[in-house]
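This report concerns only the one structure given below.
Quick note: the coordinates plus some simple rules give every number you see, no bench work behind them. Not measured: the values here are computed from a predicted model. Because the Cβ atoms are built from the backbone with ideal geometry, glycine has one as well, and the counts that use them run over all protein chains shown.
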Amino acid sequence: MGRRRIHAPKRGSLSYLPRGRAASHIGRINYWPDVGGESPKLLGFIGYKAGMSYVYLVSDHRGSPTFGQEVFTPVTVIETPPMLTCGIRSYARTPKGLKAMTEAWMKKRPKDLGRLLSVPEDYNTDAKMKEVEESLEKATDLRIVLCTQPRLAAVSQNKPEIMEVKVDGGIIKDRFEYAKKILGKQVSISDVFREGQFVDVAAVTKGKGIQGVVKRWGVKRKRPKSRKSVRQVGTLGAWTPHYVMYSVPRAGQMGFHHRTEKNKRILRIGSKGEGASPEGGFPHYGVVRTDFLLLSGSVPGPAKRLMKLRYTTRPPTHVAETAPQINFVGLKTGG
């Protein structure tokens, strides 16, 4: 028998090119799904990645060989402190996309919010709310501006972040009444999502700086006595065309890319950090003290990275969106 040939093509998908640095360490959401329903609801939330652990749960994946059995599942713990509803915006659809019509901000704004926004002192919230209500005849979309409260989480940050979240369900007037009702109040993660639901996570991956082709693309090293170089590609391409094609592995930025992980299932929603942190807290994060999520699998980014959650755009059909039966939650010791 001859030697078995090992097939090792170049690693890395070309669909993610160019692999440049993200403009910000905060993820972005450019699309909101149409969930529908009779009652208005928020479609997004923000959390902070604490770390990873594992759970033993009863598999409810129909068609799987492990259906009905206890299985091991890695999970990511995301701390989700309550967010503050600080503004309302109405949008109208134009040939060039959505256009903001008018907005209204809450009356008593926290001091930390002043680091992001400069609202005049004589700002009349009631008059602006009337303008938003009058614009509903032309409006096609209504969104709520949520403000984070990082002082409640285990992150060394005081400056809050804002996120514009779509309100879906019912008619536009029902959405306005819902937004008017929660303006200036806190919104918790349990008011937006439920256990067993699938969500999409938008975040920025862990940055690894400038790397060569061997680490960045998985190119095989040349022989030790190779001419000039060992950790470089053997050729940059043919004589014609007279340029280096985009598919040729090149050195450059690795990590700190914007990514969106789809269909991450919420296994558990907890409060006050009960049963979420190991003894001593998570490495590089600390102890989870507020509301939290247990998401199946991994999510992009290091500890303390901000995560944007939204309703999934392509919900799966093989698993019902019901709360799973969790038998055990493993909490490793902090290090």
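May I ask for the Rg/Rh ratio of region 238-277, computed from Cα atoms with Rh as the Kirkwood radius, given to two decimals?
Rg/Rh for region 238-277 comes to 1.39.
Can you compute the FRET efficiency between Arg93 and Arg4 using 1/(1 + (r/R0)^6), with r the Cβ-Cβ distance and R0 = 45 Å? Round to the nearest 0.05.
0.15
Calculate, in nm to one decimal, what Ile171 and Arg194 gain on full extension: separation in residues at 0.36 nm each, minus their alpha carbon distance.
Details: separation 23, 0.36 × 23 = 8.28 nm, distance 2.29 nm.
In short, 6.0 nm is gained.
Counting pairwise Cα distances across region 82-187, what percent come out greater than 21 angstrom?
It works out to 36 percent of all Cα pairs.
So how far apart, in nm, are the two label points at Gln211 and Lys180 if each is 7 Å from Cα heading toward Cβ?
In this crude spin-label approximation the distance works out to 5.4 nm.
Where does helix 172-182 land angle-wise versus the long Cα axis of the chain, in degrees 0 to 90, nearest 10?
90
When you take every Cα atom in region 8-64, what is the radius of gyration, and what is Dmax, the widest Cα pair distance, in Å?
18.8, 53
When Ser298, Ser59, Ser13 are ordered from fewest to most other Cβ atoms inside 10 Å of their Cβ, what list results?
Ser13, Ser298, Ser59
Could you please rank Lys138, Lys228, placing first whichever residue has the fewest other Cβ atoms within 10 Å of its Cβ?
Ascending number of Cβ neighbours within 10 Å: Lys228, Lys138.
Quickly work out the Lys225-to-His61 label distance, labels modelled 7 Å from Cα along the C-beta direction, and quote it in nm with one decimal.
Here the answer is 5.1 nm between the modelled labels.
Please state the equivalent ellipsoid semi-axes for region 203-318: what are the square roots of 5 times the Cα gyration tensor eigenvalues, largest first, in whole Å?
Whole-Å semi-axes of the equivalent ellipsoid: 42, 19, 11.
Longest segment of the chain with no GluC sites (Glu not before Pro) in a DSSP loop having at most 10 other Cβ atoms within 10 Å?
122-273
What distance in nm separates the simple spin-label points at Arg21 and Ser271, each placed 7 Å from Cα in the Cβ direction?
For Arg21 paired with Ser271, the spin-label model returns 4.2 nm.
If the chain between Lys108 and Lys128 were fully stretched, how many nm would it gain, using 0.36 nm times the residue separation less the Cα-Cα distance?
Values: separation 20, 0.36 × 20 = 7.20 nm, distance 1.46 nm.
Taking 0.36 nm per residue and subtracting the Cα distance, the gain is 5.7 nm.
Hey, got the Cα dimensions of the chain along the principal axes, in Å, largest first?
80, 55, 40
Which trypsin sites (Lys or Arg not before Pro) from region 271-333 combine a DSSP loop assignment with at most 11 other Cβ atoms within 10 Å? If you can, show how the numbers build up before the last one.
On the way: sites: Lys272, Arg289, Lys304, Arg305, Lys308, Arg310, Lys332; in loops: Lys272, Arg289, Lys304, Arg305, Lys332.
Loop-located and lightly packed - Lys272.
Which trypsin sites (Lys or Arg not before Pro) from region 143-205 combine a DSSP loop assignment with at most 15 other Cβ atoms within 10 Å?
Those that pass, being in a loop and sparsely packed, are Lys185, Arg194.
Which loop chymotrypsin sites (Phe, Trp or Tyr not before Pro) in region 1-99, with loop taken from DSSP, have no more than 10 other Cβ atoms within 10 angstrom of their Cβ?
Values: sites: Tyr16, Tyr31, Phe45, Tyr48, Tyr54, Tyr56, Phe67, Phe72, Tyr91; in loops: Tyr31, Phe67.
Qualifying residues, ordered by number: Tyr31.
Could you work out [θ]222 nm for the chain from helices alone, using -39500 (n - 2.57) per DSSP H run of at least four and dividing by all its residues? Round to the nearest 500 deg cm²/dmol.
My calculation for the chain gives -2000 deg cm²/dmol from helical runs alone.
Let me check I've understood the local charge: for Arg305, count other residues with C-beta under 11 angstrom from its C-beta, Lys and Arg +1, Asp and Glu -1. What total comes out?
With Lys, Arg at +1 and Asp, Glu at -1, the neighbours total +4.
Working from Cα positions, state the angle (0 to 90°, nearest 10) between the long axis of helix 125-134 and the longest principal axis of the chain.
Roughly 80 degrees between the two axes.
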